[in-house]
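Student: Below are the structure tokens for one structure; questions will follow.
No value in this document is a laboratory result; all are computed from the given coordinates. Everything numeric here is computed off the predicted structure, so don't read it as measured data. Backbone-built Cβ (ideal geometry, glycine too); neighbour counts: all protein chains shown.
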Amino acid sequence: MIAIVDYGMANLRSVEKALLKAGGDPLVTSDPDTIAKAERVVLPGVGAFCAAMTNLNASGLRDAVLSSMKSGKPFLGICVGMQMLFESSSEMGVSAGLSTFGGRVVKFFEERSNSRTSELKVPHIGWNRLDFPRESVLMNGVEPGSRVYFVHSFYPEPVESSLACATSEYGIDFCCAIERDNIAATQFHPEKSGAVGQTILRNFVQWRP
């Protein structure tokens, strides 16, 4: 069973349907015991980082999420669910994350800009290509240049660049997927990314860390 963590801030049904199509047996749940018993865990997220962290803490599911990552079972964060794995975000002031990985979440062009960025709108919405700095389980079978669907204004900057297993370019190159040990995450939405997203979710469903 794949537990999809319901803390009140995610497009849960579309994630559930996509995982089912990918061959998984997903269950949307807000029960810590169910999350603990699950074979795999997905932490989706939409909206603002600080609101997502507030909801996760208030729901009583923070410890269940942290324990699931430490247990060694496959874990997938999606969009804000990826951002929450880092130490902090500058969205609406500085908010603390789960600190699973070192790094912070920053806004597009807030600190780094070039001649092209003035022409680009934020949020970054739509299809964009993937590049792969290294091999990973999550991206197995996905061709470089494949396109996935993004909706975000912020992105993570990992302390360790080797954490990134996929990058994309929007005025600047940015980390859009990570993988280490049993934990993976994407800034883009695999559940909205057609056949490419299905390949990524199928890799997660079949993952044996």
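Student: Taking only DSSP H segments of four or more residues, each worth -39500 (n - 2.57), what value at 222 nm results for the chain once the sum is divided by all its residues, to the nearest 500 deg cm²/dmol? Please list the in-between numbers first.
Tutor: On the way: 6 runs with 52 residues, N = 209.
Computed mean residue ellipticity for the chain: -7000 deg cm²/dmol.
Student: With an 8 Å Cα cut-off and a minimum separation of 6 or more residues, compute the relative contact order for the chain in percent. Working shown, then result.
Tutor: Values: 469 pairs, mean separation 43.9, N = 209.
It rounds to 21 percent for the chain.
Student: Can you pull out the GluC sites (Glu not before Pro) in region 1-93 that DSSP calls coil and that have at most 13 other Cβ atoms within 10 Å?
Tutor: Values: sites: E16, E39, E87, E91; in loops: E39, E87, E91.
Those that pass, being in a loop and sparsely packed, are E39.
Student: Measure nothing but the geometry: give the 0 to 90° angle between the long axis through the Cα atoms of 194-205 and the longest principal axis through the Cα atoms of the chain, rounded to 10°.
Tutor: Value to nearest ten degrees: 50.
Student: Between region 139-180 and region 62-106, what's the alpha-carbon centroid distance in Å?
Tutor: Their Cα centres are 16 Å away from one another.
Student: Which longest run of the chain has no exposed loop site in it, a site being trypsin sites (Lys or Arg not before Pro) in a DSSP loop with at most 16 other beta carbons within 10 Å, and the site itself not part of the run? Walk me through the numbers before you get to the answer.
Tutor: Values: sites that count: R112, R116, K121, R134.
Answer - 1-111.
Student: Taking the alpha carbon gyration tensor of the chain, what are the square roots of 5 times its eigenvalues, largest first, to the nearest whole Å?
Tutor: On the way: eigenvalues 124, 79, 45 Å².
One finds semi-axes of 25, 20, 15 Å for the chain.
Student: Report the antiparallel proportion of the DSSP beta bridges in region 85-201 as a percent, rounded to a multiple of 5. Please report the intermediate quantities before stating the final value.
Tutor: On the way: 24 of 26 bridges.
Taking every DSSP beta bridge within region 85-201, about 90 percent pair in antiparallel fashion.
Student: While we're here: Give the lysines whose C-alpha is closer than 16 Å to that of K73, dropping any in the same chain fewer than 8 places away, or say none.
Tutor: By straight Cα distance, K73 reaches K37.
Student: List the lysines whose Cα sits under 24 Å from the Cα of K192, skipping any in the same chain fewer than 8 residues away.
Tutor: By straight Cα distance, K192 reaches K17, K21, K107, K121.
Student: Here is a further query. Compute the angle between helix 49-59 and the longest alpha-carbon principal axis of the chain, please, reported from 0 to 90 degrees and rounded to the nearest 10.
Tutor: 10 degrees
Student: Going by C-beta contacts inside 10 Å, put S88, S161 in order with the fewest on the left.
Tutor: Values: S88 17, S161 11.
Lowest count first: S161, S88.
Student: While we're on this one: Filter the GluC sites (Glu not before Pro) in region 101-209 to those in DSSP coil with at most 14 other Cβ atoms within 10 Å of their Cβ, and list the result. If you can, show how the numbers build up before the last one.
Tutor: Values: sites: E110, E111, E119, E135, E160, E169, E179, E191; in loops: E110, E111, E135, E160.
Within region 101-209, the qualifying GluC sites (Glu not before Pro) (loop, at most 14 other Cβ atoms within 10 Å) are E110, E111, E135, E160.
Student: Now for a separate question. Return M53, M92, M84, M9 ranked ascending by Cβ neighbour count within 10 Å, so the fewest neighbours appear first. Let's see the in-between values first.
Tutor: Numbers: M53 23, M92 10, M84 27, M9 20.
With the sparsest Cβ surroundings first, the list reads M92, M9, M53, M84.
Student: If you average the sequence gap of Cα pairs under 8 Å that are 6 or more apart and divide by the length of region 33-113, what percent do you get for the contact order?
Tutor: Details: 118 pairs, mean separation 23.9, N = 81.
This gives 30 percent for region 33-113.
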